[in-house]
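The numbers here are math on the coordinates, done by the rules we state, and not lab data. Just so we're clear, the structure is a prediction, and the values are computed from it rather than from any experiment. In this analysis, Cβ positions are derived from the backbone assuming ideal geometry, glycine residues included, and neighbour counts consider all displayed protein chains.
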Amino acid sequence: MDYRESEQRAPLKRVWKGMIPIELQLAASDAIELLASAVLPEPFQTFYMLIPRVGYLPFISGKVKERWLDPMLALSGSRVPSDQQIKETDIWFEYKGQALKWHYPIGLLYDMLVSDVHRGDAELPWSLTLHVRKLPTAKIIAQPNGQLMRDMFMAMIKEADFIRNGSTKRVMDLSKNDQMQFLDGLETHSYEKYFAIHSIIVPPTVDSRAPVQSSASSTSSGGQKARGAMQPKAIPVRFYMQTSGSLDDGAKDAPTSGAATTSAGGNGGGGNGLGATKQADIMQFHVSQVPVALYREGSSSELATVADAFKLCYGIADQTNDAFITNCACISHGVCVPWESPISWLADNFFYADCFLHMVVVGI
Amino acid sequence: MDYPYLTCREFEECVERFVTRYRPALEDSGTRVEQQTSSAGRQYLVLQRAVYTKRAVSTPVHNVEDIEDDDPAGPAPEHAADDDGARIEYHTVYSATWRVPVLYVRVVTSSGEVVLDGERVCDMVTEDAEMRRAMAAVPFGGALGVTDHPELGVPFLYLHPCHTADLLRAVVAPPAQQEETGQSVGPDEYLAAWLSLSGAAVGLTLPSIGYC
């Protein structure tokens, strides 16, 4: 890899290698059931782990069990084999009363639920409670396991392929070996294994320069992209918008259409500076998905921005309605993404392992 | 209309027309029909009915005289006398990605348990053994996946939509209708056509309605 190519890949690599340190404690009720005590033996009270932002919880459950739960049970002198006491499919994670949706990428969960990520002042390590009983099937999908996670992941990959290319051919044409390597790369968090196959599904585009102001770079990058580049039809983007659950707060500052009215200003983003920020409720995020073309509608040179994508997603027809830009922050991979960032740059550098852009929108 | 693809608005129009045309017949046959609007103002269609298990249900015996001839080789009763009390929900939701509707399904038993096991649901409602085999053979876990309902945010089964457009293209409306609308399937019949194709996999059949 020559220096220029390596430099161009740098943001992508940093995104891939992003990790979150977690601090796990076992739910008291589970501790009591397994060990007849709410207090765990000394070295096992807390378990620390570094987990990849682009990874998924079912892929770390095995390690959690192997490195923490199994030794803990063995040490407690229990004669019942640990396999019969704890099954991987029973393991689920909780943050401040919220069951974590295990089919969401880990980094996305963090960005949604932890306060003040956009201020760069968020909780680390991320303190989670581990449960091994009573998975709340009304809230999260039952029986989390590696195979199911792989299937759900491939469904997202197929969808991303369809959005980018108009068909799922690239994914379906992968050889069995390539598929296995792709999934292996994901599970073991191996950059080389994953990206070897990723570049088959998503051929690199020519233009991966830094995101300068879209108007300045528009003409030249438009030309460069046209020359022999693999231009996707559209980019897969998902927005996760924090809603207050009530339309009262800040509605007058907010864009007029649909769910966008609930996000601006009045929610638990802590903009009032008066008290502690309200804990974000995972069930109150509105999830919306929209394929976003690289260029603004009716233009072949103006790159579409995150703000454009947001408006498209929420059906904000009024081009001058920009209230959300002042009232909301857009977060991805723990970074506050400027609203004027071109989607094309994000599509090349800021995607998650499932090839989607996952953007969290919170009130500020 | 860019058949078989729909815009969101066209989908909502199709839902309106479907409900107008099919609701009476569906409700007559025991299927509840509801047009729902999500908090984001998006419309989707919900059909709900009781689950009739394919196997004969053991009915509690009140009187000896009530016991009918028990023929295990015979067909299962059309309406099990005491069905499980389980109900099945079919949610038709528009997908901006695939530009066609996607079918979300879940079964709720009488005890309130939500069944999200694709195999178990197929066992309950997919009549045709060939169909069940074909569904199981679809790569990456079969034709029925599990994910969050896009509007409700809770887990549901769903039919993978990749091939829907292809299937729909193959559907041809009666010549009289083609003459009238100039296209193979118009908004009046789009959802009916789509539900006939997708619904078969998960035990949903539409009653026929007379054309006026």
What are the residues in region B:98-120 that are in contact (Cβ under 8 Å) with a residue 24 or more places away in the chain, assigned to a loop (DSSP other than H, G, I, E, B) and at the interface with another protein chain (Cβ under 10 Å from one of its Cβ atoms), if any? B:W98, B:R99, B:L116
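Each row is one residue, and each column tells you yes or no for (1) within 18 Å of the chain's Cα centre (by Cα); (2) buried (at least 17 other Cβ atoms within 10 Å of the Cβ).
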{"site": "A:A280", "(1), (2)": "yes, yes"}
{"site": "A:F285", "(1), (2)": "yes, yes"}
{"site": "A:L294", "(1), (2)": "no, yes"}
{"site": "A:E302", "(1), (2)": "no, yes"}
{"site": "A:A309", "(1), (2)": "yes, yes"}
{"site": "A:Y314", "(1), (2)": "no, yes"}
{"site": "A:D318", "(1), (2)": "no, no"}
{"site": "A:D322", "(1), (2)": "no, no"}
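Could you pull out the residue among A:I91, A:I200, A:I163 that is within 11 Å of chain B (Cβ to nearest Cβ), out of contact with any Gly (no Cβ under 7 Å at 6 or more places or on another chain) and of a type in the set (V, I, T)?
On the way: A:I91 fails: within 11 Å of chain B (Cβ to nearest Cβ); A:I200 fails: within 11 Å of chain B (Cβ to nearest Cβ).
When all the criteria are applied, what remains is A:I163.
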If I filter region A:349-364 for residues that are farther than 18 Å from A:V292 by Cβ, surrounded by 24 or more Cβ atoms within 10 Å (Cβ to Cβ) and touching a strand residue (DSSP E or B) at 6+ places or on another chain (Cβ under 7 Å), do I get at least one hit? yes
Extreme residue, farthest from A:I157 (Cα to Cα), among residues of region B:122-164 that are of a type in the set (F, W, Y) and within 17 Å of the chain's Cα centre (by Cα): B:F156
Could you check how many residues of region A:166-197 are assigned to a loop (DSSP other than H, G, I, E, B) and either touching a residue at least 12 places away in the same chain (Cβ under 8 Å) or within 11 Å of another protein chain (Cβ to nearest Cβ) (or both)? 5
Can you spot a residue in region A:99-106 that is at negative phi, surrounded by fewer than 19 Cβ atoms within 10 Å (Cβ to Cβ), assigned to a loop (DSSP other than H, G, I, E, B) and within 10 Å of chain B (Cβ to nearest Cβ)? no
Considering only region A:12-70, how many residues are surrounded by 18 or more Cβ atoms within 10 Å (Cβ to Cβ), assigned to a loop (DSSP other than H, G, I, E, B) and under 23 Å from the mean Cα position of the chain (by Cα)? 5
If you scan region A:121-136, which residues turn out to be surrounded by 16 or more Cβ atoms within 10 Å (Cβ to Cβ) and within 14 Å of another protein chain (Cβ to nearest Cβ)? A:L135
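Answer yes if at least one residue in region A:290-300 is part of a loop (DSSP other than H, G, I, E, B), touching a helix residue (DSSP H, G or I) at 6+ places or on another chain (Cβ under 7 Å) and closer than 21 Å to A:D111 by Cα, and no otherwise.
No; the residues of region A:290-300 include none that is part of a loop (DSSP other than H, G, I, E, B), touching a helix residue (DSSP H, G or I) at 6+ places or on another chain (Cβ under 7 Å) and closer than 21 Å to A:D111 by Cα.
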A:S115, sole failed condition from (1) within 14 Å of another protein chain (Cβ to nearest Cβ); (2) touching a Ser or Thr at 6+ places or on another chain (Cβ under 6 Å): (1)
For A:S288, only one of the following conditions fails: (1) free of Cβ contacts under 8 Å to residues at least 60 places away in the same chain; (2) at negative phi; (3) away from chain B (no Cβ under 14 Å); (4) not basic (K, R). What is its number? (3)
Of the conditions (1) without any contact (Cβ under 8 Å) to a residue 12 or more places away in the chain; (2) touching a Leu at 6+ places or on another chain (Cβ under 8 Å), the single one that A:A28 does not satisfy is (2)
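Given the residues A:M156, A:M152, which is the only one that is more than 8 Å from chain B (Cβ to nearest Cβ), farther than 30 Å from A:N327 by Cα and under 15 Å from the mean Cα position of the chain (by Cα)? Steps first, please.
Working: A:M152 fails: more than 8 Å from chain B (Cβ to nearest Cβ).
Result of the check over A:M156, A:M152: A:M156.
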